[in-house]
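Here is the structure we will look at.
The values are calculated or read from the model by the stated rules, or taken from the named source; none is laboratory data. Predicted model, so just to flag it, every value in this text is computed and none were measured. Reconstructed Cβ throughout: ideal geometry from the backbone, glycine too, with neighbour counts over all protein chains shown. To get the accessible areas, we keep the full protein, side chains included, count just its heavy atoms, and leave off ligands, DNA and RNA. Shrake-Rupley method; radii C 1.70, N 1.55, O 1.52, S 1.80 Å.
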Amino acid sequence: MGIDWRRRALPAAALALALAAATGCDGGTTDATPRPTAAPSAPSAPSKDVARVCAAPAAGPSKAPAGAVTVDPAVPGDLAAKTESSPPHTTFWLRPGRHTLLSDRYDQVTPKEGDVYVGAPGAVLDGRRSNHYAFGGAARDVTIRYLTVRNFVAPRDEGVVNHDSADGWVIEHATIRDNSGAGLMAGARQQVRASCLRDNGQYGMNAYKAGGPLDGLVLEGNEIAGNNTDDWERRRPDCGCSGGVKFWAVDGADVRGNWVHDNRGAGLWADTNNNDFLIEGNLIEDNDGAALIYEISYNAVVRKNTIRRNNWVEGRAQAAAGDSFPFATVYLSESGGEPRIRARTDKIDVYGNVLEDNWSGITLWENADRFCNSPANTSSGDCTLLVKDTGRCVQPAIARAPLESDCRWKTQRVDIHDNRFVLDKSVVHCTVKCDRMGVLSNYGTYPDWSPYQGERVAEAITGEQHNRWHDNAYVGPWTFVVHDASRTIGFKQWQAAPYRQDKGSTFRARDGG
C-alpha cells in the first residue's frame, strides 16, 4: 500500500519557499501553505442535485420510534451500557443533547447484530477529545441514522465509526466530523448515504478491511469536505495516507452523487488492487490534490462527474520545485482494464465528464520499476490480482510468459472520450505546467534483475496497451506529455502519427472557457 514516487508532496515550509521562487507560476499567489478547508478560489455554489449535507443536516425523529430504547444524555455511558444489556436487533433513540461515554480512552459502543441507532434532533455523541472510538466490534448489519459523532481521537489509519470494519453497516443522515484518524471505516456491503464526513484529521472514510473481503460498497449523496486536517503527508512524507476517502482492495464500489470538496490532499483515492468501481455524477472541486487517483487497480467507469479547481496546491508545489512530471487532477497510476478480472467493465472508461480549471487534466502513468517483488513497489508485499503467489515473480520465471505480463500492474485499456476539458490560466494563476494531459512512463532501471528495463514500458503504455483519447472537446491552451516526461507536444502532433490520439475531438486553443 502507499504512494508511488511520482506523488511526493513538499512539506509546508519548503512549499512556501519553493513557491516564492517559482518561475512557472503566477506571482500573484503568495500564500502556498496547505490548508484544511479553504478553497483555492471562492467555490461556486453546487447544483441543486449535489449533496449539500453539512450545512443543513436532516433532522431525526423528535419522538422515540415504537419499541425503541431511549438513551439519556445526562447519564455518561448510557448508550454503551444499554447496548450491552439489550438483545440484538434493538433500536436505540438518543434524546436531544450531548451524549458521552465513560472516561477510559477505549470506552466505546459495541453494537450487537442488527442494532439501530437513531438520533433525535440535536443528538450528539461527543468523544470529548478523550475517547478513541465511538462504535466498534464485529456485529453485522448495524444502522446509524441522524446522529452527529464528533471529537473522538482515533490513531492514524484507524477510524471512529465502525472501527473494526464490520460488514453490512448502513450510515444515513449522519454527521461525522472533527475527529482524529478516519471519521468512518468500511466493511463489506456498507452503505453510506446522505451523510456529512467533514474536517476529520486523516480521512472522511478509510475503506480498509484487514483480511477482507471488502466488496459491495456504496457511497452516495454525501458531502465529504475539509478532511486531513492533521496534514499527514507533511507529517509522514510519501505515506499515501490522506484525503477525502481512501479505498484499499475494494472489489465493487458505487460512488455516486457526492460533493467532494476542500480536502487537504486528494478527493478520492483508490490505492492497491481495487476493482470494479463506478464513479458517477459527483461534484469534485477545490481539493488541494487530485480529484481522483486510481492506483495499481483495475476496471472502472468514471462518468458524468463535474471536476473543477482541483490540484492547485500540490500541482503548483511540484511546478515550483521544477518537476517536469504532468501532475494531473485525474491520475491513473499503473491501473487499467483487465478482462480476466470480473467486473462490470473490462476497461477504465472515462466519459461524459467536465473538467474545468484544474491543475492539468488526465495523466496515465506506469512506473517501469514498480512490479511484484520489486523494492520500488511502495505497496510492499502486494502483488497483482493475476498472481496469487508473490514468490513466483522472480527470475527466471518473471522474464517469460505469462509472468512477464502478469507480475506488472499495467496502465492499459483506458478509454477517455466524450469529455470536456476547459482551462483558463488566468483563473488557475499559472503560466506553465498546469495545461497538460499525459501518457508516459520512466526509463526502467531498477532492480538489476528487472525484465522491464529501458524504454520497454514507455513504449508499451504509449502505443501498445490500447490507451486512447477520442471525441473530446478541449478549450484552452492544452499540451500533451507522451512516452516520457521530456516529450511535450501540441494538439496536431498528438493527433498525428505515431500517437494518433483524439480522433474526432475538437480543440479551441484560446485561453479561457
- [ ] Run the numbers on the chain and let me know its relative contact order in percent, using alpha-carbon pairs under 8 Å that are six or more apart.
- [x] 11
- [ ] Taking every pair of Cα atoms in segment 361-419, average 1/r, invert it to obtain the Kirkwood radius, and report Rg/Rh to two decimals.
- [x] 1.05
Open item on the list: From Cα pairs below 8 angstrom and at least 6 apart in sequence, can you work out the relative contact order of segment 411-513, rounded to a whole percent?
Closed with: 35
- [ ] Work out the length of the dipole vector of segment 443-513 about its Cα centre, built from +1 on the beta-carbon of each Lys and Arg and -1 on the beta-carbon of each Asp and Glu, and round it to the nearest 20 debye.
- [x] 380
Task: For ASP215, distant residues with modelled amide H under 5 Å away - done: ALA188, ARG189, ASP251
TODO: Just subtract the alpha-carbon distance of SER380 and THR70 from 0.36 nm times their residue separation and send over the number in nm, one decimal.
DONE: 106.8 nm
Task: Spin-label pair VAL354/SER130, simplified geometry with 7 Å Cα→Cβ offset, distance in nm - done: 5.0
Task: For segment 265-380, size of Cβ-based charge dipole, Lys and Arg +1, Asp and Glu -1, in debye - done: 280
Open item on the list: For the chain, take N as its residue count and report Rg(C-alpha) divided by 2.2 N^0.38 Å.
Closed with: 0.99
TODO: Skip the ligands, DNA and RNA, and give the accessible area per residue of segment 166-261 with a 1.4 Å probe, whole Å².
DONE: 25
- [ ] For TYR203, list long-range residues whose amide hydrogen, built 1.01 Å from N in the peptide plane, is under 5 Å from its own amide hydrogen.
- [x] ALA182, GLY183, ASN228
Open item on the list: Straight-line reach from LYS82: which lysines fall under 26 Å, measuring Cα to Cα and dropping same-chain residues less than 8 apart?
Closed with: LYS63, LYS112
TODO: Counting only trypsin sites (Lys or Arg not before Pro) that are in a DSSP loop and have at most 11 other C-beta atoms within 10 Å, tell me the longest site-free stretch of the chain.
DONE: 64-339
Task: Rounded FRET efficiency, nearest 0.05, which uses the C-beta distance separating ALA138 from ARG468 and R0 of 56 Å - done: 0.80
TODO: Working from the alpha-carbon coordinates of segment 121-244, get Rg over Rh, Rh being the Kirkwood radius.
DONE: 0.94
Task: Carbon/sulfur fraction of accessible area - the chain, other protein chains in place, 1.4 Å, % - done: 50
Task: Rg ratio (alpha-carbon, reference 2.2 N^0.38 Å) - segment 412-513 - done: 1.19
- [ ] Can you tell me the FRET efficiency between ASP104 and ASP448 if r is taken as the Cβ-Cβ distance and R0 is 56 Å, rounded to the nearest 0.05?
- [x] 0.60
TODO: Sorted from largest down, give the three principal axis spans of the alpha carbons of segment 145-198, whole angstrom values.
DONE: 25, 21, 12
TODO: Scan around ASP484 for amide H atoms under 5 Å from its own, H built in the peptide plane at 1.01 Å from N, and keep only partners 5 or more places away or cross-chain.
DONE: SER441
Task: Which listed pairs, of LYS209/LYS433; LYS246/LYS304; LYS433/LYS503; LYS246/LYS388; LYS388/LYS503, have C-alpha distances above 28 Å, in listed order - done: LYS209/LYS433; LYS388/LYS503
Open item on the list: Taking only the Cα atoms of segment 55-118, how large is their convex hull per residue, in Å³?
Closed with: 111
Task: Normalised contact order of segment 47-138, rounded percent, pairs of Cα under 8 Å and 6 or more residues apart - done: 29
Open item on the list: Spelling out what I want: for every residue of segment 471-488, take phi, set θ = phi - 60°, compute 6.51 cos²θ - 1.76 cosθ + 1.60 (Karplus), and round to whole Hz; glycine and proline get x.
Closed with: 6, 9, 10, 10, 10, x, x, 6, 10, 9, 9, 10, 6, 8, 5, 8, 10, 10
TODO: Please state, to two decimals, what the Cα-based radius of gyration of segment 182-255 comes to when divided by 2.2 N^0.38 Å (N = residues).
DONE: 1.08
Task: Loop-resident sites, segment 62-144, for chymotrypsin sites (Phe, Trp or Tyr not before Pro), counting at most 13 other Cβ within 10 Å (DSSP) - done: TYR106
